Every structure is written in C-alpha cells, then in structure tokens.
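Peer 1: Let me give you the structure first, and then I'll get to my questions.
Just so it is clear, none of the values below were taken in a lab; they were calculated from the coordinates. Please read all numbers here as calculations on a predicted model, not as lab measurements. Cβ coordinates were reconstructed from backbone atoms using ideal geometry, including for glycine residues, and neighbour counts include every protein chain displayed.
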Amino acid sequence: VTPDPSHEPEVIFPSLPPLHSGHPEIHLRNGIMNASRLSAAHEPDAEKAFFVGDLSVVYEQHQRWKACLPEIQPFYAVKCNPDPYVIRLLASLGAGFDCASNNEIAQILDVGGIDPSRIIFANPCKAVSFIRNAAKRGVDKMTFDNADELYKIARAHPRAQCIVRILTDDSKSLCAFGIKFGAPLVTVPGLLAKAKELNLDVVGVSFHVGSGCYDPSVYMDAIMRARAVFDMGKEAGYTFTLLDVGGGFEDARFEHAASVLTQAIDRYFPDRKDIKIIAEPGRFYVSKAFRLAAHIIARRAPLSKETSQETADTTSDQPAVMYYINDGVYGAFNCILFDHQVVHPYVLSMNGSFHISDSEPKHVSSVWGPTCDSIDCVSASTVLPSSLQVGDWLGFDNMGAYTVCAASQFNGFEVSNVIYTTGSSGSAEVRAALAAFAAEGHGL
Ligand code: PLP
C-alpha cells in the first residue's frame, strides 16, 4: 500500500511514554497501518504483537452519533474497552459512562472532572458492597430487574435513582443478554409496587437489544415496551424522567439504527420535554478504532510446499500451512470465543516489505495463537501468500471492542500493548480537536 504523501505523518501523542528503542516504529498514514523495522526480531520486544489505537476514529464516531442522535446522550459502556485515552477523549467530548463494577466507577471518577451524575451503574445484579460504594461515590443512577435488588438498594443506597431494566427482543444480535437480565413486562407492576413500598425512587426504564444488533428494527418494539413501562410507572405513582435505550449499535448499521430509534421515539414519546434520553454504546465507538499487528512466530508446512511455490493451491479448502502468531484467543482474540467474532488476517509486511502484490501465489492456511491449547485458533481457514513465513506480520482490523478488556496472560503471554495515534483523518477539524486534547495534557 503506498502512503499518500499529501498527508502529514501522524502525530503520536506527545505525552505517551517513549517507545522501547527496539519496538517497531509505527506510522499510520491514510488510515493504513504500516510498520517499519518489523522484521528486526533480534531487538528486544521488536516482535511483540501490538494494537494501534486511532483516536480520530473515536472522535469521528462521536460526531456521527451527535449528527444522527442529537437528542440522546451516549453513556459509553466502559466494559467494551476501558482504554484510558478513549475514556479521557469521550469525557472531554461530554459523554457519560456506563459502569458495571466498583473498578469501572473508580476508573471514571479518578480521571477527575467527571461528575458522578455522568455515570450509570448499569448492572442489574450488583453486590451489596458495590451498591454501598456507589452511594459513597455519589453514583445514584443504577438499574434493577428483580425484587432482591430492590431490597439491597433500599439497604445500601436508599437515595438511588433506580431504573428498571426490561426484557426486549434480543434475538437479532451477536450477544443476547435476555437469558440473564431484563424484567419481563408482566413482572414490572409488581416490581414498581415493591419499590414504592421500600420508599425507593424509580426514575426510568432501560433495555438492551443485545450487543452487535444486526436488525435495528428491534428498537421499534423495544421503545414500544419502554412506553408501556412508563405508563405502568404512572399507575404506580411515579413520573419517569429517564429513558435509556442501551447499546447494540454497530458501525455498519448505525445510521439505520438511529433512524429506527428516532422514528420509534417520535411515535411513542411524542411529548418528551421532561424526559432525558441516554444510551449505552460500546462497540460503536471503539471497534474500528483499534487494529492489531501480530508477528508470525512459527509455521508448520509440508517440506515440499516449503520449497516449491508451484504447488500453491487455493482450490483445496484444507489448510496447507499453519501459522502461529503471538496473540491468540487467550489474549486479544478472546473476541472469537466471547464475542462471536470472525477475524480476517491480512499481510502487513512480508520479507520486510509492505508492498504485497495481488498476484502472489496463495495457499489456504490456518492461523493459531501462541499457547499450548488447541482451542487457540484465530482463523481455521484463510487464504494467505505462499511465501509468508516466520518473521512476517499479519494485521487485523476492527479489534477495539471486547478484545483487550478480556485478554488473559494464560501460558505467560503478555497482553498486547497499545500504541496511540491521532490517525490519518484529512479533516482539519479532527486534527485540531485531537491536538487540543493532547495539549490539555491527557497523559497516562
Ligand atoms: N450496556 C450494557 C448493560 C451491556 O451489558 C453492554 C454490553 O455488554 C453494553 C451496554 C454495550 O453494548 P454494545 O457494545 O453492544 O453497544
């Protein structure tokens, strides 16, 4: 890939600690990940896998959000990727935060300058000690979907602003949550009566259509249900003021989802001047902002194919070559197991060059992580150049959501580091905004 020389070299955040001397030097130009000296494996750390976090993508997703859903304040779902730069950038852009635990709450409040009212404790089943901690830290908004939770909240945080999480159709998503969370509508009147009896304030309704929602039409039904629960609230003596439409937003379908949601809100909440609407997007903000570069550390190939390029064969679907890279399903690629992702490796550099010709002979190959476990398969079948070998690099796009946050160090392999960039956006506005953000001293 030839970088466009009209673009200036990317800015790496000045406040970041300097890169290891032996670490690959990264340049991001024109949105394409390039890396130099990637084959300098004799230098310490030079072969380590690494993420590239492009903060301009996070910024642009936020602009997209504001353009399509101007009425809805995003409360970024920290669990999706608790990256400190992402958090700080979103905080500076005025987002709120959806936290699931004490540590997530602490991470947000420790940034400084974020009022606890910008946090929703959106875990309907919390430890009592966590509820008590939320009370101590001034985090009042919290969800519930069962009576036991109401008793716990009444004991540990009687001033809480409770939000009833309801069950909605989550069958059109990569990760459904309804089997674990969400009050069926028939149970809501009883829950609201119990909350009243316990002197608790219920302020609104939340739902989650499931993460990675591929059919945004489900938002229509979900908003209809939320409307019904607002009416149940009135019956129970509450005046709800908060509607939380949850997460589930996907990059490719975002505009469609926003349009369905807007229509649904217009239809079911035509008079909403006293209602604040929030959402809990995670994946939408970070998925495509992070890419991963992984080093081929080992290869298993038949001896004959190792020596003869003529045997290249893309017609067989049996992998001819097995590549082993230095991140796997126990690390960044846990998204394959937990988040039902399918990843697509591409060649980042081969034999020290970034110029990979399309006419290279190719093999059906498989790609494996570095651990001793056979579940550690990154791609069971993919087509890669026949001459790809140990020391070359593979790239993976869309690695920002539910990856680094759940990575383990199984077998002693370290979690891959992130290298940050303000990206390759040609937009002067994006560059200026991120330069200002960096100048404010958002160091780690
Ligand atoms: N809110 C809650 C309560 C969640 O459990 C999740 C994901 O697990 C999210 C929001 C974020 O969802 P998404 O990444 O699909 O936007």
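Peer 1: Of His62, His256, His344, how do they rank once you tally other Cβ atoms within 10 Å and put the fewest first?
Peer 2: Ordered by Cβ neighbours within 10 Å, fewest first: His344, His256, His62.
Peer 1: Among Pro319, Pro82, Pro281, determine the one that fluctuates most according to a GNM of the chain built with springs between C-alpha atoms less than 10 Å apart.
Peer 2: In this elastic network of the chain, the residue with the biggest mean-square fluctuation among Pro319, Pro82, Pro281 is Pro319.
Peer 1: Sticking with this structure for a sec: How high is the relative contact order of the chain? Use alpha-carbon pairs under 8 Å, at least six apart in sequence, and give a whole percent.
Peer 2: It comes to 21 percent, rounded to a whole number.
Peer 1: Taking amide H positions as placed 1.01 Å from N in the peptide plane, with prolines and chain starts having none, which residues 5 or more places from Ala183, or on another chain, fall under 5 Å of its amide H?
Peer 2: Arg165, Ile166, Leu167
Peer 1: Tell me, what ³J(HN,Hα) does each residue in the stretch 354-369 have, in order and in whole Hz, if you take phi through Karplus 6.51 cos²θ - 1.76 cosθ + 1.60 with θ = phi - 60° and put x for Gly and Pro?
Peer 2: 9, 9, 9, 6, 5, 8, 3, x, 10, 10, 6, 9, 10, 10, 10, x
Peer 1: Normalised by the residues of the stretch 134-229, what does the relative contact order come to in percent, with Cα pairs under 8 Å and at least six apart?
Peer 2: 33 percent
Peer 1: Related question: If amide hydrogens are placed 1.01 Å from N in the peptide plane, which non-local residues have theirs closer than 5 Å to the one on Lys141?
Peer 2: Placed amide hydrogens put Phe121, Gln161 under 5 Å from Lys141.
Peer 1: Related question: Give me, ordered by chain and number, the residues 5 or more places off Ala77 or on other chains with an amide H under 5 Å from its own placed amide H.
Peer 2: Asp98, Gly282
Peer 1: Ok, one more. Report, to the nearest 10°, how far helix 128-137 tilts away from the longest principal axis of the Cα atoms in the chain, using its own Cα long axis and a range of 0 to 90°.
Peer 2: Result, in degrees: 90.
Peer 1: Moving on to the next point. Helix 102-111 against the longest principal axis of the chain: what's the angle in degrees, Cα atoms only, rounded to the nearest 10?
Peer 2: Roughly 80 degrees between the two axes.
Peer 1: Continuing with the same structure: On a 0 to 90° scale, report how tilted helix 428-439 is relative to the longest principal axis of the chain, with both axes built from alpha carbons and the result rounded to the nearest 10.
Peer 2: 80 degrees
Peer 1: For each of Cys372, Cys213, Cys405, Cys335, count neighbouring Cβ atoms within 10 Å of the residue's Cβ, then give the residues from fewest to most.
Peer 2: Final ranking by Cβ density, sparse to dense: Cys372, Cys405, Cys335, Cys213.
Peer 1: Further question on the same structure: Can you give the relative contact order of the stretch 319-444 as a percent, counting alpha carbon pairs under 8 Å and 6+ residues apart?
Peer 2: Reported as a whole number, the value is 31 percent.
Peer 1: Can you classify the stretch 89-235 as rounded, prolate or oblate using the Cα gyration tensor, where a ≥ b ≥ c are the square roots of its eigenvalues, rounded means a/c under 1.5, and otherwise it's prolate if a/b beats b/c and oblate if not?
Peer 2: Because a/c hits 1.5 or more and a/b fails to exceed b/c, the stretch 89-235 counts as oblate.
Peer 1: Moving to a separate point now. The stretch 93-137 to the stretch 256-279: how many Å between their Cα centroids?
Peer 2: 25 Å
Peer 1: Which whole-Hz couplings ³J(HN,Hα) result when phi for each residue of the stretch 374-379 is put into the Karplus expression 6.51 cos²θ - 1.76 cosθ + 1.60, θ = phi - 60°, listed in order with x for Gly and Pro?
Peer 2: 7, 6, 7, 10, 8, 8
Peer 1: Under Stokes-Einstein, with the Kirkwood radius over Cα pairs standing in for Rh, what whole-number D in µm²/s applies to the chain at 25 °C and 0.890 mPa s?
Peer 2: Estimated via Stokes-Einstein, D reaches 104 µm²/s.
Peer 1: Ordered by residue, what ³J(HN,Hα) values in Hz, to whole numbers, does the stretch 174-189 give under the Karplus form 6.51 cos²θ - 1.76 cosθ + 1.60, where θ = phi - 60° and Gly and Pro are x?
Peer 2: 5, 10, 8, 10, x, 5, 10, 10, x, 7, x, 4, 5, 8, 5, x
Peer 1: Roughly how far apart, in whole Å, are the Cα centres of the stretch 51-80 and the stretch 400-437?
Peer 2: Between the Cα centres of the stretch 51-80 and the stretch 400-437 lies a distance of 14 Å.
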